[in-house]
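Data first, discussion second: the structure below is written as structure tokens.
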């Protein structure tokens, strides 16, 4: 049974990228590894820096995570427990922001993995919460997009359809406003994470070309596409 969320602050706080990563990681681990939750600072650091299920990948240090935790505690989005040998941390997202569990799951995934389609969100949410279908995912996203100013305003935005894409993606607004037209047409400005992916792909293509050239030279054959 889903509990009714508490009434949030009149204004939804704007998080930094590291604060969003810390909060999203706590939300993820609470659902995927409950036996290890709440998390120690070291476990949280590892979760923030893991390479899988993260977009973009980060390399944050202990000081940055500790600072983010302090800010999130002040915003009532994280709580600290002192039981046992180490201090542990848990999120207070649903109460702090004032959303239902399903909405919290979607926002957590968007904070960790970047903009996604409703279909991608449903698939990625499997270990967090099992949505009945894509329509139910879209329903919660639309509620978050239409959230009234009295409750803190919209928490997600539906992005314009990217060139060549079949579905539109959704992005969270917890780190501030997002241009809904980003990537809508060829030649449009790309985000930092997109630029990094493009740079990696270009480097891989250059390496593959170099390898092909060496192999062709060793075998004494022409390169593909050459007479």
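The values are calculated or read from the model by the stated rules, or taken from the named source; none is laboratory data. Since the model is a prediction, treat every value here as computed from it, not as a measurement. So basically every Cβ, Gly included, is an ideal-geometry build from the backbone, and we count neighbours across all protein chains shown.
Identify the residue in the range 210-227 that is loosely packed, with under 10 Cβ neighbours inside 10 Å and in a loop (DSSP other than H, G, I, E, B) and, among all such residues, is modelled with the lowest pLDDT.
Selected residue: 227.
Matching residues to (1) at pLDDT 95 or above; (2) more than 29 Å from residue 120 (Cβ to Cβ):
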site	(1), (2)
43	yes, no
48	yes, no
62	yes, yes
79	yes, yes
82	no, yes
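I'd like to check something: does the range 26-41 contain any residue that is on the phi > 0 side of the Ramachandran plot, part of a loop (DSSP other than H, G, I, E, B) and out of contact with any helix residue (DSSP H, G or I) (no Cβ under 8 Å at 6 or more places or on another chain)?
No, the range 26-41 contains no residue that is on the phi > 0 side of the Ramachandran plot, part of a loop (DSSP other than H, G, I, E, B) and out of contact with any helix residue (DSSP H, G or I) (no Cβ under 8 Å at 6 or more places or on another chain).
Going through the range 1-13 one residue at a time, which ones are over 15 Å from residue 110 (Cβ atoms) and at pLDDT 60 or above?
Residues satisfying the conditions are 11, 13.
Taking the condition closer than 21 Å to residue 34 by Cα, free of Cβ contacts under 8 Å to residues at least 24 places away in the same chain and over 20 Å from the mean Cα position of the chain (by Cα), does residue 126 pass? Break it down into steps so the answer makes sense when it comes.
Numbers: closer than 21 Å to residue 34 by Cα: yes; free of Cβ contacts under 8 Å to residues at least 24 places away in the same chain: yes; over 20 Å from the mean Cα position of the chain (by Cα): no.
Taking the combined requirement at face value, the residue does not satisfy it.
Scan the range 73-86 and give yes if some residue there is within 16 Å of residue 39 (Cα to Cα), assigned by TED's automatic domain parsing to the domain that holds residue 150 and touching a helix residue (DSSP H, G or I) at 6+ places or on another chain (Cβ under 6 Å), otherwise no.
Taking the range 73-86 first, the residues within 16 Å of residue 39 (Cα to Cα) are 73, 77-86.
Then drop every residue that is not assigned by TED's automatic domain parsing to the domain that holds residue 150, which leaves 73, 77-86.
With touching a helix residue (DSSP H, G or I) at 6+ places or on another chain (Cβ under 6 Å) added as a condition, the list becomes 77-78.
Yes, the range 73-86 has at least one match.
Can you name the number of the only condition in (1) at pLDDT below 75; (2) surrounded by 12 or more Cβ atoms within 10 Å (Cβ to Cβ) that residue 159 fails?
For residue 159, the exception is condition (1).
Please work out which residue is nearest to residue 97 (Cα to Cα), limiting yourself to the range 136-156 and to residues that are crowded, with 17+ Cβ neighbours inside 10 Å and in contact with a strand residue (DSSP E or B) (Cβ under 8 Å, 6 or more places away or on another chain).
Going through the qualifying residues, I end up with 155.
Conditions (1) surrounded by 20 or more Cβ atoms within 10 Å (Cβ to Cβ); (2) closer than 20 Å to residue 155 by Cα; (3) in contact (Cβ under 8 Å) with a residue 60 or more places away in the chain, marked per residue:
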position: 64; (1), (2), (3): no, no, no
position: 71; (1), (2), (3): no, yes, no
position: 75; (1), (2), (3): no, yes, yes
position: 85; (1), (2), (3): no, no, no
position: 91; (1), (2), (3): yes, yes, yes
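Restricting attention to the range 52-59, does a residue exist that is touching a strand residue (DSSP E or B) at 6+ places or on another chain (Cβ under 7 Å) and at pLDDT 95 or above?
Checked the range 52-59: no residue is touching a strand residue (DSSP E or B) at 6+ places or on another chain (Cβ under 7 Å) and at pLDDT 95 or above.
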